[in-house]
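A short worksheet on the structure shown next.
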Amino acid sequence: MEPVVEMVFGSKVYGTSTPESDTDYKGVAIPSGKYIILQQVFSSINTSTGNDSSKNTKDDVDREIYSLHYYLKLLAEGQTGAIDMSFTPKKNIIQTSPTWEKIS
């Protein structure tokens, strides 16, 4: 998988975080050619250090990575999360690529 972008997201970007807020990351990646040929491309990959049965704590990290095609689909649909990713301030971008610079 080739990273396109990874960014801090959620309350820490919106300026609404508190000392008890967890940390959220969003990203976009291009699946490898192998998975494209085998038609096994993911839409999104979600990971979390939190427990599914309780609220996240300040120590928890949530990460969601979209495949490029799925991100573009969400953007075309006008999905708020995808639009917000396009306008996330550069100071919140952890990793970027020329591909992201062209589409954002």
Residues 54, 43, 67, 48: which one is in contact with an Asp or Glu (Cβ under 8 Å, 6 or more places away or on another chain) and over 16 Å from residue 13 (Cβ atoms)? 48
Could you grab me the full set of residues in the stretch 81-92 that are hydrophobic (A, V, I, L, M, F, W, C), touching a helix residue (DSSP H, G or I) at 6+ places or on another chain (Cβ under 8 Å) and open to solvent by 40 Å² or more (accessible area, probe 1.4 Å)? 83
Per the list (1) open to solvent by less than 60 Å² (accessible area, probe 1.4 Å); (2) touching a residue at least 60 places away in the same chain (Cβ under 8 Å), residue check on residue 78 breaks on (2)
What are the pairs, 6+ residues apart or on separate chains, where a residue within the stretch 6-20 that is under 26 Å from residue 30 (Cα atoms) and touching a residue at least 24 places away in the same chain (Cβ under 8 Å) has its Cβ under 8 Å from a residue that is in a strand (DSSP E or B) and of a type in the set (Lys, Arg)? 6/26; 7/26; 9/26
Filter the stretch 93-104 for residues that are within 14 Å of residue 9 (Cα to Cα) and hydrophobic (A, V, I, L, M, F, W, C); which is surrounded by the most Cβ atoms within 10 Å (Cβ to Cβ)? 93
Any hit, the stretch 91-103, residues being in contact with a Lys or Arg (Cβ under 8 Å, 6 or more places away or on another chain), outside any strand (DSSP E or B), closer than 19 Å to residue 7 by Cα and modelled with pLDDT of 95 or more: yes
Go through the stretch 57-74 residue by residue and tally those that are open to solvent by 40 Å² or more (accessible area, probe 1.4 Å) and either assigned to a loop (DSSP other than H, G, I, E, B) or more than 18 Å from residue 3 (Cα to Cα) (or both). 4
Might you let me know whether the stretch 16-29 holds any residue that is basic (Lys, Arg) and touching an Asp or Glu at 6+ places or on another chain (Cβ under 6 Å)? yes
Among the residues of the stretch 41-56, how many are polar (S, T, N, Q), touching a strand residue (DSSP E or B) at 6+ places or on another chain (Cβ under 9 Å) and modelled with pLDDT under 90? 4
Among residues belonging to the stretch 8-40 that are open to solvent by less than 50 Å² (accessible area, probe 1.4 Å) and touching a Pro at 6+ places or on another chain (Cβ under 9 Å), point out the one that is modelled with the lowest pLDDT. 13
Would you mind stating whether residue 54 is surrounded by 12 or more Cβ atoms within 10 Å (Cβ to Cβ), in a loop (DSSP other than H, G, I, E, B) and without any contact (Cβ under 8 Å) to a residue 24 or more places away in the chain? no
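The values are calculated or read from the model by the stated rules, or taken from the named source; none is laboratory data. The shown structure was predicted, so the numbers you read here are calculated from the model rather than taken from an experiment. No Cβ is skipped: glycine too gets one built from the backbone with ideal geometry, and neighbour counts run over all protein chains shown. With ligands, DNA and RNA removed, areas are computed over all heavy atoms of the protein, side chains included. Shrake-Rupley method; radii C 1.70, N 1.55, O 1.52, S 1.80 Å.
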